[in-house]
1. Can you find even one residue in segment 153-164 that is part of a strand (DSSP E or B) and modelled with pLDDT of 95 or more?
2. Applying the selection to segment 513-526, what residues are surrounded by fewer than 19 Cβ atoms within 10 Å (Cβ to Cβ) and over 25 Å from the mean Cα position of the chain (by Cα)?
3. Consider residue 411 against the criteria (1) more than 21 Å from residue 331 (Cα to Cα); (2) touching a residue at least 24 places away in the same chain (Cβ under 8 Å): it satisfies all of them except one. Which criterion is unmet?
4. With the checklist (1) in contact with a strand residue (DSSP E or B) (Cβ under 7 Å, 6 or more places away or on another chain); (2) surrounded by fewer than 17 Cβ atoms within 10 Å (Cβ to Cβ); (3) not in a loop (DSSP other than H, G, I, E, B) in hand, flag the one item residue 237 doesn't pass.
5. Take segment 677-695 and flag every residue that is in a loop (DSSP other than H, G, I, E, B) and closer than 16 Å to residue 641 by Cβ.
6. Test residue 128 against the stated conditions and say whether it is touching a strand residue (DSSP E or B) at 6+ places or on another chain (Cβ under 9 Å) and either touching a residue at least 24 places away in the same chain (Cβ under 8 Å) or not in a strand (DSSP E or B) (or both).
7. If you take the residues in segment 431-460 that are part of a loop (DSSP other than H, G, I, E, B) and in contact with a helix residue (DSSP H, G or I) (Cβ under 9 Å, 6 or more places away or on another chain), which one is nearest to residue 571 (Cα to Cα)?
């Protein structure tokens with residue numbers, strides 16, 4: 001590790017910060033002082049020391065990429081009693097002064113390269129003012145090439161416990177020359193910000209000694225090696241592309257929608273978004289409209305046929321711009337949008353492939369399981385008697401299933417009749433699948449495939465639903481298959497995880513899906529694990545060893561979704577592994593294989609913690625009386641807030657919430673909690689959230 005200094009004397013440089021009131025805004029005066037005794041502190045000034053340290057270059061994958069980091073250490077020396085922090089940071093200017101009073105250089109914010117770079121510099125100085133000391137680390141690429149996505153540094157530093165803030169300095173598709181920038185004098189500091197891909201402010205509370213600070217920096221070296229050890233810069237130039245998205249998101253970001261995740265990923269990837277959705281959509285207005293290049297109003301209903309295909313094709317042709325890809329993340333639009341892409345000459349799978357995987361009857365047949373379908377109770381009763389089917393059975397809609405609506409475990413013919421009558425057939429269609437109920441642990445299995453290769457796979461354990469046979473240990477009063485919680489990484493034995501991965505991988509290839517992101521739900525038949533409750537906390541435990549020979553575990557595929565998982569799961573994976581499914585999902589319709597491979601790398605050491613997705617279901621309908629129960633919880637229990645990586649509230653005060661008896665399954669909120677201690681600790685935190693969460697619907 002090489003250490004250099006800013007002052008000719010070899011001591012740390014001195015930063016003098018002066019506040020000045022006036023209509024032209026606030027100003028800083030930053031000086032490198034050779035003799036501290038020669039400086040007279042003004043009435044509106046604070047004095048800081050500033051030094052820097054250049055760390056060893058990190059090389060990854062046989063020098064496929066290299067980068068180094070530079071630490072800026074700022075320490076407060078003294079502050080006048082009348083000094084106040086400037087209130088107008090947007091008009092702040094830095095003035096670097098030499099040892100002679102006439103040697104001055106004004107530094108504009110633009111010299112830091114970005115607004116974010118200048119902002120981080122000011123934040124670091126302010127932190128040193130309030131906490132005596134602050135440290136900024138900058139990430140400077142040493143490899144020539146184009147950045148995979150501009151926000152790669154803050155993306156991979158999510159929930160890093162050693163930093164308080166991480167900002168992006170790179171531009172989308174930016175080329176780095178690999179030369180970096182050396183610091184010889186204080187005036188070189190802005191140039192290093194401008195040469196960096198991103199920067200972070202460290203959590204220095206408690207680092208009161210040189211040894212403690214050195215330990216913090218060493219720990220950060222380990223974290224960055226874990227998080228940035230992959231090829232995030234490439235010599236292959238990527239041009240800006242235009243992607244059309246049909247259905248831009250049903251909920252706005254302030255109501256639990258994933259729009260912010262999707263459109264900010266598009267911005268960081270250098271993708272212009274064209275969105276087709278209903279007139280009056282939340283993107284069709286000034287507040288959120290900046291997230292897409294063009295909004296094209298198109299009627300989007302439950303309709304999913306050739307008429308909808310023609311409507312989309314006509315709208316795009318009328319728009320008349322150049323388009324590189326067309327995609328939808330709405331399950332029941334997959335078939336008509338694939339047909340539209342084919343008609344427009346854009347990359348896609350055939351509509352038949354999407355039809356086969358989204359039709360649950362066809363999927364079960366493809367998996368080789370005995371399965372049946374019926375549209376009336378009379379047909380269902382005949383099928384049960386004719387084939388001598390044994391209860392319990394599962395009935396579920398063949399098409400347009402979501403949020404497990406219309407899915408029932410039935411123990412007799414009367415329950416089949418009741419389940420079919422309770423299903424909203426306008427939302428889910430008339431046709432039902434009838435098949436065996438698999439009493440086994442369930443997993444959500446997510447794949448990133450490219451050219452048939454598994455680039456990334458992860459599985460989370462899905463807890464029993466209210467309608468499962470072991471529902472008595474879930475605490476849910478709802479007799480549905482609405483999700484109640486997932487935790488990752490999975491606690492299933494390595495052998496069973498491998499069975500899930502390999503078997504489901506082959507299922508995807510068999511369906512003709514060698515490329516894409518896929519969210520699969522499956523159960524592990526003959527698993528060696530089962531759910532039990534210990535101290536009122538539910539988790540997987542080892543089943544008693546049977547006396548007869550154990551059957552081999554098998555993957556029981558429930559459904560294939562040709563898209564990323566829901567926002568709560570996608571965010572959990574992004575925080576836990578560093579892989580952004582929604583960003584990748586934008587690259588597949590553009591066939592950007594280079595960046596798909598770059599951005600599918602998880603952290604080198606795997607998951608950074610255990611993450612428990614807590615789903616809080618609506619148990620009765622009515623009018624919501626709560627402003628925001630999540631915010632209310634966090635204000636009441638800040639100890640729980642410290643373990644939350646993501647959350648959203650779906651219903652707020654004054655909204656009508658549907659009742660489960662209407663055939664509508666929904667949640668009041670999702671809260672993702674995490675623990676670096678243990679899986680059991682994450683579960684304990686999650687169960688505490690369930691117990692103390694409060695909301696009112698009347």
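The values are calculated or read from the model by the stated rules, or taken from the named source; none is laboratory data. Since this is a predicted model, take the numbers as computed values, not measurements. Note that each Cβ is placed from the backbone with ideal geometry, even for glycine, and that neighbours are counted across all protein chains shown.
1. To start, the set of residues in segment 153-164 that are part of a strand (DSSP E or B) comprises 163-164.
Now drop any that are not modelled with pLDDT of 95 or more, which leaves 163-164.
Within segment 153-164 (the criterion being part of a strand (DSSP E or B) and modelled with pLDDT of 95 or more), the answer is yes, since at least one residue qualifies.
2. The answer is 525, 526.
3. In the conditions (1) more than 21 Å from residue 331 (Cα to Cα); (2) touching a residue at least 24 places away in the same chain (Cβ under 8 Å), residue 411 misses (2) alone.
4. It is condition (3) that residue 237 fails.
5. Taking segment 677-695 first, the residues in a loop (DSSP other than H, G, I, E, B) are 677-678, 693-695.
Result: 693, 694.
6. On the way: touching a strand residue (DSSP E or B) at 6+ places or on another chain (Cβ under 9 Å): yes; either touching a residue at least 24 places away in the same chain (Cβ under 8 Å) or not in a strand (DSSP E or B) (or both): yes.
Answer is yes for this residue.
7. Initial filter on segment 431-460 (part of a loop (DSSP other than H, G, I, E, B)): 431, 437-441, 451-452.
Checking which are in contact with a helix residue (DSSP H, G or I) (Cβ under 9 Å, 6 or more places away or on another chain) leaves us with 431, 441, 451-452.
Values: 431: 33, 441: 23, 451: 25, 452: 25 Å.
Per the stated criteria, the residue is 441.
Okay, residues lined up against (1) modelled with pLDDT of 90 or more; (2) over 26 Å from residue 610 (Cβ atoms):
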residue: 391; (1), (2): yes, yes
residue: 395; (1), (2): yes, yes
residue: 404; (1), (2): no, no
residue: 435; (1), (2): yes, yes
residue: 451; (1), (2): yes, yes
residue: 454; (1), (2): yes, no
residue: 461; (1), (2): yes, no
